[in-house]
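Here's the structure, in structure tokens; my notes come after.
The values are calculated or read from the model by the stated rules, or taken from the named source; none is laboratory data. Just so it is clear, the structure is predicted and the values come from calculations on it, not from any experiment. Note: ideal-geometry Cβ built from the backbone for every residue, glycine included; neighbour counts use all protein chains shown.
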Amino acid sequence: MKEKMNALKVEIEEKLGSVTTKKEVIDLKNNYLSKKGPISELSGMMRELSNEEKREFGKSLNELKTEVNRLIQEKLTYYEEEELNKKLASEQIDITLPATKIPVGAPNILEHIVEEVEEVFMSMGYDVVDGPEVEEDKYNFELLNIPKGHPARDAQDTFYIEDENILLRSQTSPVQARTMLAAGGNKPIRMICPGKTYRRDADDATHSHQFMQIEGLLVDKNISLSDLKGTFDVIAKKLFGEDIETRFRPSYYQFTEPSVETDISCFACKGHGCSLCKNTGWITVSGAGMVHPNVLKNCGYDPKEWTGFAFGFGAERLAMLKYGIHDIRTFYQTDLRESSVFDRKEV
């Protein structure tokens, strides 16, 4: 039997020496190592041996299997490496060719405007504060000098969720009230609160039931309307250019006294008059004013000792002016050619 094993080993080595392809090696492996192959046939002869001969024969047979497997694997590795080298040689990469352009996402214009405003105010020492979108009537109206029955509640046309106490906030001003209450009435405040707001508006090119506000509040001692004007000058020039002029016009808001409309000189026509500014040379961008004494008092501040100013921008309005967008619904589309800041140029 040992002679048969040695002869089988020599036979396999000779055939391995004459193969020329990987397929021939695989075929040879299947022929000799399969269940019906010559090596398996040798295993069947063990039943004719004594126990002591079986141990010696079994050991020799295992050594033969191991050796044959090793020889075959070496040949397979050789041909696999040969195939790989040929493939690499035929598929060389030309690194001078232009790279494939991979489409990627881009910031939404609205998101970009909000971040731009945040950066300007943070550079002036303001905190960016967030608050709940599902709000209590107390914070959304009452603390802001808008008691029950006030006409301003009808103008806001609010989404109520539970009776008349829980609602979707119609402005981000509740965050200002919460911030003042948290400060305890004895600390200066500088904060802005960008976020979503909700009103019962019919969606069209200039209105949306959901929109973004960026409101701000400063409370300290000896604050005047001139401080508000200086702050507004800074933000206007940062957003629309250093040559922008600003002005205030008298207005009315229930939570500020006095109240003003804030205008900027038209950046499209440089104040000469065009369709963007309706031939006035000025564009209204926000409402603002000195914090009403009742609001200060409601939120724990003594209006005889503390004063402050508040302002509010519509983020969509800023973006529409800056990028020449004529439909507010553009901000909520998924077409990056319309809503991406990278595909838009400033007016």
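Condition first: hydrophobic (A, V, I, L, M, F, W, C) and in a strand (DSSP E or B). Now tell me which residues in segment 254-272 satisfy that. Correct list: V260, I264. Restricting attention to segment 266-280, does a residue exist that is under 26 Å from A177 (Cα atoms) and out of contact with any Leu (no Cβ under 8 Å at 6 or more places or on another chain)? The answer is no; no qualifying residue exists. Of everything in segment 178-211, what is crowded, with 19+ Cβ neighbours inside 10 Å and aromatic (F, W, Y)? Give them in sequence order. Answer for segment 178-211, where residues must be crowded, with 19+ Cβ neighbours inside 10 Å and aromatic (F, W, Y): just Y198. For segment 98-199, the helices (runs of 4 or more DSSP H) that sit wholly inside it and include 2 or more residues that are touching a residue at least 40 places away in the same chain (Cβ under 8 Å) and over 20 Å from L228 (Cβ atoms) are 109-123, 151-156, 173-183. Checking each residue in segment 120-140 for being touching a strand residue (DSSP E or B) at 6+ places or on another chain (Cβ under 9 Å) and farther than 17 Å from I189 by Cα picks out E133, V134, E135, E136, D137, N140. Of the residues that make up segment 252-266, is at least one loosely packed, with under 13 Cβ neighbours inside 10 Å, closer than 24 Å to P147 by Cβ, in contact (Cβ under 8 Å) with a residue 12 or more places away in the chain and not acidic (D, E)? No, every residue in segment 252-266 fails to be loosely packed, with under 13 Cβ neighbours inside 10 Å, closer than 24 Å to P147 by Cβ, in contact (Cβ under 8 Å) with a residue 12 or more places away in the chain and not acidic (D, E). Looking at Y301 and the list (1) of a type in the set (F, W, Y); (2) modelled with pLDDT under 95; (3) not in a strand (DSSP E or B), which single condition is not satisfied? So the condition that Y301 fails would be (2).
Whether a residue is among the polar types (S, T, N, Q) and modelled with pLDDT under 80 was assessed, and T307 does not pass this test.
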